[in-house]
Amino acid sequence: ETPKSVQRLVASVSAATFAVTSTYWSQAIIAEVYALHTVLIALIVWFTLRWQTQIWARYALAVTIGLGMAHHVTTILLIPAVVVYLLSQVDRPIKIATQSLIQYGALAAAPLLLYLYIPLIAPFTPYAHLTLSETQTLTLYDNSIFGFVSHITATAFAGELQPAAVGIERLKLVWQLLLQQVRWPGLILAAMGIITLWCRQRGLFGLTGLMFLAVIGFNLIYFIGDVFVLFIPAWLVVCIWIGVGILSLTHHLADRFVRQKIGAEDSVIFQRMRRQLWRNAYQIIALSLPLFFFALPIFLMVTNFAVVDQNKNTQAQTRWQEILAEPLPESAILLSNDRNEIMPMWYYQYVENRRPDLLGLFPLITPDPAYAHISGVLDQALSSGRPVYFIKPMDGLSLKANVIPEGTLYRATSLPEAPTYKQQQRLTDPSSAETISLMGYDLSATTVKPGETIEVTLYWYVDHPLAVNYTSYVHLISADGTGITQSDHQPGGDFYPSSEWQVGETLRDRHQLTLPSDIPAGEYRLRVGMYYQPGPGVIQPLGDGLEPGTLVVETAESQEGLLQ
């Protein structure tokens, strides 16, 4: 009902709003796949809407779906919505000729031939295989039929689909991301657009609604760190709804204003003149009102600019210039728990040919389970015999290795063999079936004086997966059971908490005890153990604790007594 000029103006508001949503804007200015993915999705929607009226749109739709699948496999999420929409637009039973099916199928499949570039280029790709040692080779791409199929179907990410893990926190994440994109004014306009489509364009309501639900539903169960970028198609739909809402509101306000000032268009008095006046006034008002809605993209642009601005984002460049300036030994291995922190090194190696001897590793660099966790990556690196460095502090990994600062890096070396008891002592919680064994312990000194600090090193053997992040403790206790001093901390910290420990590992857990200055001389018991703290003031112990040994405290008076 609104003039084309008004529709185009409103479409400009909608497009501008989407362009400055924080997630899309952040991805559109970097070398990533999601901006082009969004263009292909927009084209799929456009060609779908023209399927009935334009023959060429049918062929274009098939090709674009194929391109989308070749570009990003999540394009498949749109297909049910497209099919339902096309079926809803046909009044009579559908009869599709076999020839047409073959035609459309061939057009959709043709772009998938782009995948053949992968096996063709793989033999010449320097990082398809990385040599860790003579007996250790990392296969980043398996150039076989099985490897090819696994790669294009994203089999490596199948483990991140976790429907059972979806809860209220995941729903809160979706709401927070949505609100962050268009704020409350945008949500209100989108709601108006949804209502308008339901009342007047059920087909488009179904198409956009099913697209939105498919994207949101998939992302709810897909647990990867940067899942927020996969919501972009859903935000595109929201901005379409915003445009429909603005158009509906513009039409309603313009129509009401003109009717109040001029009267109904079908008045019999001066009918032709009044109709022309009515239309002119309506068009002027309808063209003016959308201009006010440009306030939304302007507001989003101003508020999001500081977030997406990359003008001074040189941290990665600066840090890697520092790292490459270090006198690193030949063939050193550099570790991080974050893939994105290692990738700049590949640029310097493969583009600028700087330090090609170095090897960067991170979790999930290959589908091999040995590289699933940073601890496994560290084990593989240490077993290679090559020098190993952390590119940042990862204090929790001192459970697995000796870590010493070296320049701006941190040198990691293998732990010495742990002392062991003749028989392991075990912490067990009958209520949860959680268990862990104490292999042995070390003291930095067997006798200490009041006021001194002693290091107590515990060696835990992981004989059962632990479900929660435990706190370990070492308590010094007098003969009558009175606590003298203690050390409590979460072994592994944030980088390797107990819930990520792997069965079969022996982990070093170091505690420091500072003795009171007035502690009497004598022999004191060491009590060690673990507990879980689900909330403030709530402690769930893992068993009753263990008493592996004693500590002797000597004072000046006690030493004099011995001399006498």
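Can you confirm whether the range 124-143 contains a residue that is touching a Pro at 6+ places or on another chain (Cβ under 8 Å), in contact (Cβ under 8 Å) with a residue 24 or more places away in the chain, of a type outside the set (Lys, Arg) and within 26 Å of Leu77 (Cβ to Cβ)? Please lay out each step first, then the result.
Taking the range 124-143 and keeping what is touching a Pro at 6+ places or on another chain (Cβ under 8 Å), we get 143.
Cutting the leftovers down to in contact (Cβ under 8 Å) with a residue 24 or more places away in the chain gives us 143.
Add one more test, that the residue is of a type outside the set (Lys, Arg), and what stays is 143.
Okay, now just the ones that are also within 26 Å of Leu77 (Cβ to Cβ), so none.
Scanning the range 124-143, I find no residue that is touching a Pro at 6+ places or on another chain (Cβ under 8 Å), in contact (Cβ under 8 Å) with a residue 24 or more places away in the chain, of a type outside the set (Lys, Arg) and within 26 Å of Leu77 (Cβ to Cβ), so the answer is no.
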Among the residues of the range 474-519, the number that are closer than 15 Å to Met394 by Cα and acidic (Asp, Glu) is 3
Residues of the range 434-450 being of a type outside the set (S, T, N, Q) and over 18 Å from Gln502 (Cβ atoms), in sequence order, are Gly440, Tyr441, Asp442, Leu443, Ala445, Val448, Lys449, Pro450
Note on the range 393-429: residues of a type in the set (A, V, I, L, M), under 21 Å from Ser499 (Cβ atoms) and under 31 Å from the mean Cα position of the chain (by Cα) are Met394, Leu397, Leu399, Ala401
Among Val182, Val237, Val229, Val174, the single one that is modelled with pLDDT of 95 or more, touching a Cys at 6+ places or on another chain (Cβ under 9 Å) and either closer than 21 Å to Gln27 by Cα or polar (S, T, N, Q) (or both) is Val182
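Can you tell me which residue is farthest from Ser100 (Cα to Cα) among those in the range 29-59 that are without any contact (Cβ under 8 Å) to a residue 24 or more places away in the chain and in a loop (DSSP other than H, G, I, E, B)? Lay out the reasoning, then the answer.
Within the range 29-59, the first condition is being without any contact (Cβ under 8 Å) to a residue 24 or more places away in the chain, and the residues that meet it are 31, 35, 39, 43, 46-47, 50, 53-57.
Retained after the next criterion (residues that are in a loop (DSSP other than H, G, I, E, B)): 31, 50, 53-54.
Numbers: Ala31: 38, Arg50: 17, Thr53: 17, Gln54: 15 Å.
Going through the qualifying residues, I end up with Ala31.
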Taking the range 433-446 and keeping only residues that are β-branched (Val, Ile, Thr) and part of a loop (DSSP other than H, G, I, E, B), one is left with Thr446
(1) touching a Ser or Thr at 6+ places or on another chain (Cβ under 9 Å); (2) at pLDDT 95 or above; (3) under 24 Å from Ile246 (Cβ atoms) all hold for Glu322 apart from (3)
Here the residues within the range 1-28 that are assigned to a loop (DSSP other than H, G, I, E, B) and under 14 Å from Cys239 (Cα atoms) are Val20, Thr21
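Scan the range 191-249 residue by residue and report those that are charged (D, E, K, R) and over 18 Å from the mean Cα position of the chain (by Cα).
To start, the set of residues in the range 191-249 that are charged (D, E, K, R) comprises 200, 202, 226.
Result: Arg200, Arg202.
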Taking the range 149-162 and the residues there that are among the small types (Gly, Ala, Ser) and in a helix (DSSP H, G or I), the one that is surrounded by the most Cβ atoms within 10 Å (Cβ to Cβ) would be Ser150
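If you take the residues in the range 8-59 that are of a type in the set (S, T, N, Q) and surrounded by fewer than 17 Cβ atoms within 10 Å (Cβ to Cβ), which one is modelled with the highest pLDDT?
Here is the first cut: in the range 8-59, the ones of a type in the set (S, T, N, Q) are 12, 14, 17, 21-23, 26-27, 38, 48, 52-54.
Applying the additional criterion that residues be surrounded by fewer than 17 Cβ atoms within 10 Å (Cβ to Cβ) yields 12, 52-54.
On the way: Ser12: 97, Gln52: 86, Thr53: 89, Gln54: 92.
Here the answer is Ser12.
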Over the range 283-320, the set of residues farther than 30 Å from Arg256 by Cα and small (Gly, Ala, Ser) is Ala306, Ala316
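Could you check the range 168-187 and list, in sequence order, the residues that are loosely packed, with under 14 Cβ neighbours inside 10 Å and more than 17 Å from the chain's Cα centre (by Cα)?
Let us first name the residues in the range 168-187 that are loosely packed, with under 14 Cβ neighbours inside 10 Å, namely 168-169, 171-172, 175-176, 179, 184.
Answer for the range 168-187, where residues must be loosely packed, with under 14 Cβ neighbours inside 10 Å and more than 17 Å from the chain's Cα centre (by Cα): Ile168, Leu179, Trp184.
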Scanning the range 445-473 for residues that are out of contact with any Phe, Trp or Tyr (no Cβ under 9 Å at 6 or more places or on another chain), of a type in the set (A, V, I, L, M, F, W, C) and surrounded by 15 or more Cβ atoms within 10 Å (Cβ to Cβ), the one nearest to Pro541 (Cα to Cα) turns out to be Ile454
Scanning the range 114-148 residue by residue, those assigned to a helix (DSSP H, G or I), within 28 Å of the chain's Cα centre (by Cα) and under 21 Å from Pro356 (Cβ atoms) turn out to be Ala122
When every residue in the range 361-413 that is part of a loop (DSSP other than H, G, I, E, B) and among the charged types (D, E, K, R) is compared, the one farthest from Leu458 (Cα to Cα) is Asp368
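Can you report the number of residues in the range 191-222 which are outside any helix (DSSP H, G or I) and surrounded by fewer than 15 Cβ atoms within 10 Å (Cβ to Cβ)? So that I can check it myself, show each step before the final result.
Residues of the range 191-222 that are outside any helix (DSSP H, G or I), as a first pass: 201, 222.
Next, only the ones that are surrounded by fewer than 15 Cβ atoms within 10 Å (Cβ to Cβ) stay: 201.
Selection size over the range 191-222: 1.
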Considering the range 318-357, residues that are of a type in the set (Val, Ile, Thr) and under 23 Å from Gln136 (Cα atoms), and then whichever is farthest from the chain's Cα centre (by Cα), we arrive at Ile333
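The values are calculated or read from the model by the stated rules, or taken from the named source; none is laboratory data. This is a predicted model, so every value here is computed, not measured. FYI the Cβ positions are ideal-geometry reconstructions off the backbone, even for glycines, and counts take in every protein chain you see.
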